[in-house]
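Taking it in order: structure first as structure tokens, then the write-up.
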Amino acid sequence: MYKWLPAIKEPADLKKLKTKELQELACEIRSFLVEKVSKTGGHLAPNLGVVELTLAIHRVFDSPRDQIIWDVGHQCYVHKILTGRAGLFDTLRQFGGLSGFPKLKESEHDVFQTGHSSTSISAALGMAQARDLLQEDYFVLAVIGDGAMGGGMAFEALNHAGDMGTDLIVILNDNEMSISQNVGGLAAYLERIRTDPKYFRLKEDIEEILRKIPAIGGKVIKSVERVKDAVKTLIVPGMLFEELGFTYLGPVDGHNLQKLQKTLMGAKKLKGPILVHVLTRKGKGYELAEQQPNFYHGVGPFDPLNPPQPGKQNSPPTYTEVFSDTLITLAKENEKIVAITAAMADGTGLDAFAKKYPTRFFDVGIAEQHAVTFAAGLARKHFRPVVAIYSTFLQRAYDQIVHDVCIQNLPVLFALDRAGIVGEDGETHQGVFDLAYLRHIPQMNIIAPRDENMLQHALLTGLNYNGPVAVRYPRGKGLGVKLEQLRTLPWGQGEELRPGKDIAIFAVGTMVNLALKAAEQLEKQGLSIAVIDPIFIKPLDGKLITRAALNSRFGLLTVEEHVLAGGFGSAVLEFLELNGYRNIHVKRLGIGDSFVEHGAKDELLSHLGLTVERIVQTCLEMAGRRGKVVSWLQSGNE
């Protein structure tokens with residue numbers, strides 16, 4: 001089926017191919033990507049868009065000697081194919097298989113791990129500076145998308161790199177702009193001049209001659225520079241980067257291998273920081289992905305002959321859909337509600353809100369820090385901002401949550417989508433730290449609904465509270481429970497869902513359903529198990545914890561889809577210690593002191609010991625009965 005692809009074992013093999021053969025290889029890679037991603041799921045559209053760019057990079061540079069850092073990293077599939085990992089793509093994003101992001105332990109060609117955006121230029125600059133300090137000789141490249149370039153950290157790095165003047169190549173993969181013939185022709189002309197070393201020698205020679213002219217030489221040079229800068233501002237699209245101290249090359253057609261290679265060869269000849277502006281088409285070569293690049297950005301397994309289409313399915317709604325529908329309903333009643341996201345309108349479900357209330361919706365780009373403080377400013381003027389950001393991405397705005405929201409006790413509601421285990425995207429995307437990084441902040445409140453019905457009530461409750469509130473909910477479909485009429489939850493109160501006198505299980509969010517099933521099994525073995533949904537992680541329902549602690553013969557068990565350190569179980573232990581209940585037996589199930597790698601969610605939960613079987617076993621052990629001995633490598637339990 002594939003003619004050239006089987007022959008590519010390492011990047012050096014690309015240098016043996018002619019341009020026509022490289023173009024044929026590009027077509028084969030696109031077919032390979034669709035074939036493999038349709039089976040495993042993954043980031044399809046971004047990788048289809050960088051096929052020629054990745055081929056050109058590996059053709060011109062010498063990885064791993066030359067260091068290539070991929071921003072975000074979800075566009076690294078072609079890089080992995082070209083660096084000897086094509087044979088592993090059947091395991092892509094599977095537990096124990098090939099990661100969907102750069103991974104140090106996978107290959108020497110993955111020189112820096114990434115998963116969140118806007119970090120590549122900082123990392124590349126650090127590596128380039130280390131190279132210079134060690135007096136070594138190789139190229140360092142950062143490949144960053146136009147979306148990630150909008151992140152504040154990227155501009156901080158650009159500013160620093162331009163000031164340092166370190167040899168560094170930044171490749172801007174711009175998949176939002178098309179190439180205008182006039183601009184493209186002019187840019188190609190300017191590119192030819194500015195990548196030709198003779199231009200720089202001529203410029204220096206002319207300046208030297210002018211300086212020798214008595215009295216007026218220096219003034220003439222300044223005048224020429226002013227005119228040149230004015231003209232460049234009008235006709236050079238990369239003037240911003242020039243002002244930051246970069247030499248700007250482009251824009252260049254990111255699907256033209258010859259132009260890409262020529263431009264990159266030119267960049268290798270220049271000194272100092274270089275920015276190469278490349279224009280690509282997201283989803284290139286797969287019509288549906290080109291037409292719907294956002295939908296095909298990240299997809300689950302699908303049938304290429306009957307590919308998926310956007311739209312709701314005949315199944316329980318996702319938590320994201322319930323959030324979206326509820327927020328639209330609440331916004332109809334309260335015109336002060338506004339919604340904010342950081343370049344994730346589709347992923348958070350706010351695209352529907354944007355269509356309904358366009359003047360009350362704000363997408364700030366990949367700028368979580370700005371999103372939070374922007375929300376604080378709105379809240380200060382009596383609006384009710386809802387900041388919808390994935391749990392893992394809100395980590396990037398910790399300081400703003402503390403200083404700009406919580407210290408001022410402003411009514412900002414944080415909608416933490418993708419809380420808990422998210423699965424195939426791995427360590428950088430698992431939402432397992434939010435309780436720990438939020439609950440210790442004074443004036444912050446946290447609600448963890450157990451199902452989609454409780455989610456809608458939690459949103460109403462949070463928006464009615466006059467202070468900061470975080471509502472965390474998982475990725476994926478709900479349980480299929482009935483959505484009741486909206487109601488406000490009793491503030492700070494949990495709910496006993498099942499009475500019992502032997503052990504009280506406090507289960508957080510998605511773990512409630514598992515705890516109920518475990519209690520049913522344990523009842524058949526003669527144990528009376530109470531199941532309690534705390535609902536509020538902060539403030540804690542102290543009365544409910546105290547009553548359960550005093551009335552349970554064998555103690556308390558906490559279960560959470562979150563790290564144990566600083567999580568809900570820790571909060572219960574702290575409460576008992578502070579209130580003098582030091583003899584209560586407490587066991588905790590959660591995630592230990594290790595990162596959770598990629599894999600299917602159910603498989604990861606099983607590996608972590610967050611299962612009905614593990615809850616049953618733990619309760620039997622607490623009651624002094626023998627349970628089946630199992631090794632739970634990452635559960636971190638005593």
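Somewhere in region 546-568, is a residue surrounded by fewer than 24 Cβ atoms within 10 Å (Cβ to Cβ), closer than 18 Å to Val471 by Cβ and not assigned by TED's automatic domain parsing to the domain that holds Leu435? No, region 546-568 has no match at all.
Quick one: in region 586-609, which of the residues that are in contact with a helix residue (DSSP H, G or I) (Cβ under 7 Å, 6 or more places away or on another chain) and more than 14 Å from Gly420 (Cα to Cα) is surrounded by the fewest Cβ atoms within 10 Å (Cβ to Cβ)? Only one residue fits best here, namely Val586. So which of Ala354, Ala331, Ala339 is crowded, with 24+ Cβ neighbours inside 10 Å, touching a strand residue (DSSP E or B) at 6+ places or on another chain (Cβ under 6 Å) and not in a loop (DSSP other than H, G, I, E, B)? Of the residues listed, the single one that is crowded, with 24+ Cβ neighbours inside 10 Å, touching a strand residue (DSSP E or B) at 6+ places or on another chain (Cβ under 6 Å) and not in a loop (DSSP other than H, G, I, E, B) is Ala339. A single member of Lys524, Lys517 is free of Cβ contacts under 8 Å to residues at least 12 places away in the same chain, assigned by TED's automatic domain parsing to the domain that holds Leu605 and at negative phi, and it is Lys524. Only a single criterion out of (1) of a type outside the set (Asp, Glu); (2) modelled with pLDDT of 95 or more; (3) in a helix (DSSP H, G or I) is not satisfied by Met153, namely (2). Just a yes or no: is a residue in region 122-141 farther than 21 Å from Leu53 by Cβ, assigned to a loop (DSSP other than H, G, I, E, B), of a type in the set (D, E, K, R) and at pLDDT 95 or above? Yes, that holds for at least one residue. With respect to the numbered conditions (1) more than 20 Å from Gln291 (Cα to Cα); (2) modelled with pLDDT under 95; (3) buried (at least 21 other Cβ atoms within 10 Å of the Cβ), which one is the sole condition not fulfilled by Ile57? Looking at each condition in turn, Ile57 falls short on (2).
Annotation: of all residues in region 362-404 being aromatic (Phe, Trp, Tyr) and in a helix (DSSP H, G or I), the one that is nearest to Arg418 (Cα to Cα) is Phe393. Among the residues making up region 318-343, a single one is of a type outside the set (Gly, Ala, Ser) and either at pLDDT below 95 or in contact with a His (Cβ under 7 Å, 6 or more places away or on another chain) (or both): Lys336. Restricting region 464-480 to residues that are among the aliphatic types (A, V, I, L, M) and not in a loop (DSSP other than H, G, I, E, B), the residue that is surrounded by the most Cβ atoms within 10 Å (Cβ to Cβ) is Ala470.
The set of residues in region 341-386 that are under 21 Å from Val469 (Cα atoms), without any contact (Cβ under 8 Å) to a residue 60 or more places away in the chain and of a type in the set (Lys, Arg) comprises Arg360, Arg380, Lys381.
Against the conditions (1) surrounded by fewer than 19 Cβ atoms within 10 Å (Cβ to Cβ); (2) over 18 Å from Gly250 (Cα atoms), Asp146 satisfies every one except (2). Of all residue pairs spaced 6 or more apart or on separate chains, those with beta-carbon atoms under 8 Å, a first member in region 114-134 that is under 12 Å from Thr166 (Cα atoms) and a second member that is buried (at least 19 other Cβ atoms within 10 Å of the Cβ) and of a type in the set (S, T, N, Q) are Ala124/Gln67; Leu125/Thr166; Met127/Gln67; Ala128/Thr166; Gln129/Thr166; Asp132/Thr166.
Among the residues that make up region 483-494, is at least one of them of a type in the set (Phe, Trp, Tyr), out of contact with any Pro (no Cβ under 7 Å at 6 or more places or on another chain) and under 26 Å from Leu604 (Cβ atoms)?
The first filter runs over region 483-494 and keeps only residues of a type in the set (Phe, Trp, Tyr), leaving 491.
Next, from what is left, pick out any that are out of contact with any Pro (no Cβ under 7 Å at 6 or more places or on another chain): 491.
Filter once more, so that each one left must be under 26 Å from Leu604 (Cβ atoms): none.
No, every residue in region 483-494 fails to be of a type in the set (Phe, Trp, Tyr), out of contact with any Pro (no Cβ under 7 Å at 6 or more places or on another chain) and under 26 Å from Leu604 (Cβ atoms).
The values are calculated or read from the model by the stated rules, or taken from the named source; none is laboratory data. Everything numeric in this text was worked out from a predicted model, so none of it was measured. Methodologically, a virtual Cβ is constructed for each residue, glycine included, from the backbone with ideal geometry; neighbour enumeration extends over all protein chains shown.
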